[in-house]
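The values are calculated or read from the model by the stated rules, or taken from the named source; none is laboratory data. All values derive from a computational prediction rather than experimental measurement. Methodologically, a virtual Cβ is constructed for each residue, glycine included, from the backbone with ideal geometry; neighbour enumeration extends over all protein chains shown. Calculation scope for accessible area: heavy atoms of the full protein, side chains included, ligands and nucleic acids excluded. Shrake-Rupley method; radii C 1.70, N 1.55, O 1.52, S 1.80 Å.
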Amino acid sequence: MSHHPHWLAWLVPLVYLLGAALALAHRRCWDVLNWAAASALGMALAGDLLRLAPHEAGGAAPPVAAAVMTLVAFLGWIIARYSRGNLAGEPGERRFTVALLTTLASVGGVLAASSVAVLILAWICSSLALHPLLRHYRDRPLARLAARKKFITSRLAELCLVSAAALLYVHCHTFDLAALDQIAARGGGSCESLRLAATLLAAAVLLKSAQLPVHGWLIQVMEAPTSVSALLHAGVINLGGYVLIRLAPLLAASPLAEGLLVLVGSSSAVLAGLTMMTTTSRKGRLAWSTCSQMGLMAAECGLGLYDLALLHLIGHALYKAHAFLSSGEAVRESTVHRMQPAARRVSGATALAALAAGGLLAGGSAALWRLGLHTAEVPRIALLVCSLGIATLLWNTAMNLRAWVHNLAAAAAGMQLYLLWHLCLGDTLHIASVHPLPALVLCSATCFLALYLAQWHVLSTTAHTGPARLYAWSAAGYFLDEPLTRLASCRWPLRGTRRGSARFGQWLAQREGETA
């Protein structure tokens with residue numbers, strides 16, 4: 001196995017830190033931001049060229065960190081350019097650029113870390129650096145509420161992380177990630193301390209990833225600038241998925257950790273997916289979509305589908321960055337949508353035929369790849385998820401044979417690309433999938449099938465004739481966020497006084513009344 005200089009991975013976060021220091025002292029902070037973002041992207045690309053030598057397999061190999069580092073640097077460069085055109089000349093622009101660069105540096109530190117202690121420290125720093133970005137518009141009550149709720153959940157997650165690190169050090173006498181991977185692979189499942197540490201790590205990731213019922217802050221950070229939303233949804237929140245992939249051998253040694261990821265992730269994906277269908281705000285739908293996608297990613301890791309989770313992470317980051325940065329077209333798109341005829345109802349026969357077509361396409365494509373290229377068998381739960389996605393794509397083409405064939409051909413091409421990327425990520429990055437427990441597979445499959453049926457039920461009824469009570473609960477997020485909202489807005493006054501907290505409570509009650 002070839003070894004690369006350890007300092008090479010730290011060049012990108014060091015460039016961001018240097019940029020933050022210069023932006024703090026230099027008058028032209030936007031020029032410094034663009035220079036730092038472009039330099040970091042160049043460093044990341046150069047590092048990829050130097051990491052082409054093979055690495056030892058097992059868990060998440062160093063190329064995984066390099067791939068995600070390049071992704072973060074690219075997104076940081078795009079967001080920096082967008083921020084200059086969107087926020088230049090506004091009050092607090094220097095504070096914004098320094099916080100943005102510090103957040104990117106902390107994210108890079110998580111990716112470059114080869115020690116659990118350093119990883120946790122960098123993850124804590126990323127949360128603290130993101131806090132002023134979420135509160136950029138300090139006169140907006142919802143922005144301050146969202147930042148406070150994220151602060152509470154992040155501190156709970158970090159308590160789990162520190163406890164897990166302490167357990168790992170007491171048992172293994174090391175913080176080195178490679179050494180911990182080897183210990184876990186040699187039979188760490190028989191050690192109670194390692195299993196408990198893995199469970200605490202899984203709980204911390206779920207808290208950091210805004211899974212239900214601590215998801216409310218992710219929905220309410222829409223009050224922050226659009227570039228901050230893009231950074232959060234495309235980069236920062238995906239760190240949870242990367243940490244799960246990086247600690248794959250440790251998680252595989254703990255059935256309790258895998259079960260926690262599957263149960264919480266699958267239920268969050270289902271509930272958030274249903275809520276997304278009842279949200280009228282463009283950014284609100286994107287936020288609920290992120291919550292759902294993070295739940296799906298956590299479930300994939302709990303099922304041992306780490307190669308699929310990494311592919312999901314990369315695709316979600318690119319999609320959400322584009323979706324948020326192009327959200328300014330929402331007015332034009334909504335106008336076009338109102339001019340279009342209403343969508344047809346989805347009948348039971350259409351939903352069943354679409355599911356059958358999706359299953360045949362996904363299963364047949366995987367079988368042909370396995371016979372023709374002798375590739376590894378794709379897990380059935382992954383094929384089920386692909387089948388459900390293809391089926392929902394075919395819903396919009398009901399009663400139109402030409403459109404049905406067109407969408408089916410597009411789905412077939414997308415399925416082949418998915419299998420190709422699945423193969424490339426599994427072989428090139430050396431991420432070995434493990435066989436999940438049958439009970440976890442059954443639970444996850446049940447959740448996704450329930451989501452499919454619930455979506456069909458909503459679309460099978462005409463407009464405004466669905467179950468009003470269920471719609472109201474779904475639109476309100478099932479009120480799961482209420483306890484944390486009351487804790488954040490009443491227990492600790494936002495302005496430092498009880499009087500300020502009372503005024504905010506009155507404003508919040510008035511807003512809820514108007515929404516109802």
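Laid out as a table, the results:
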{"quantity": "Interchain or long-range residues, amide H under 5 Å from S115's placed H", "calculated": "L177"}
{"quantity": "Linear extension gain, S114 paired with S193, 0.36 nm per residue minus alpha-carbon span", "calculated": "26.3 nm"}
{"quantity": "Of all accessible heavy-atom area on segment 83-202, the percent that carbon and sulfur account for (1.4 Å)", "calculated": "62"}
{"quantity": "Accessible solvent surface per residue of segment 227-305, calculated while the other protein chains remain in place, 1.4 angstrom probe, Å²", "calculated": "20"}
{"quantity": "Segment 266-321 - percent of accessible surface contributed by carbon and sulfur, probe 1.4 Å", "calculated": "67"}
{"quantity": "Potential extension, D48-L487 segment - 0.36 nm per residue separation minus Cα distance", "calculated": "153.5 nm"}
{"quantity": "Highest-first arrangement of 85-93, 116-124, 29-37, 406-414, where packing means the average Cβ count within 10 Å", "calculated": "29-37, 116-124, 406-414, 85-93"}
{"quantity": "Sparsely packed trypsin sites (Lys or Arg not before Pro) within segment 175-220, loop by DSSP, other Cβ within 10 Å at most 12", "calculated": "R186"}
{"quantity": "Potential extension, A412-A166 segment - 0.36 nm per residue separation minus Cα distance", "calculated": "83.7 nm"}
{"quantity": "Förster-model FRET efficiency, 56 Å R0, L442 and A88, C-beta, rounded to 0.05", "calculated": "0.55"}
{"quantity": "Distance (nanometres) between label positions extended 7 Å along Cα→Cβ at E377 and A185", "calculated": "2.4"}
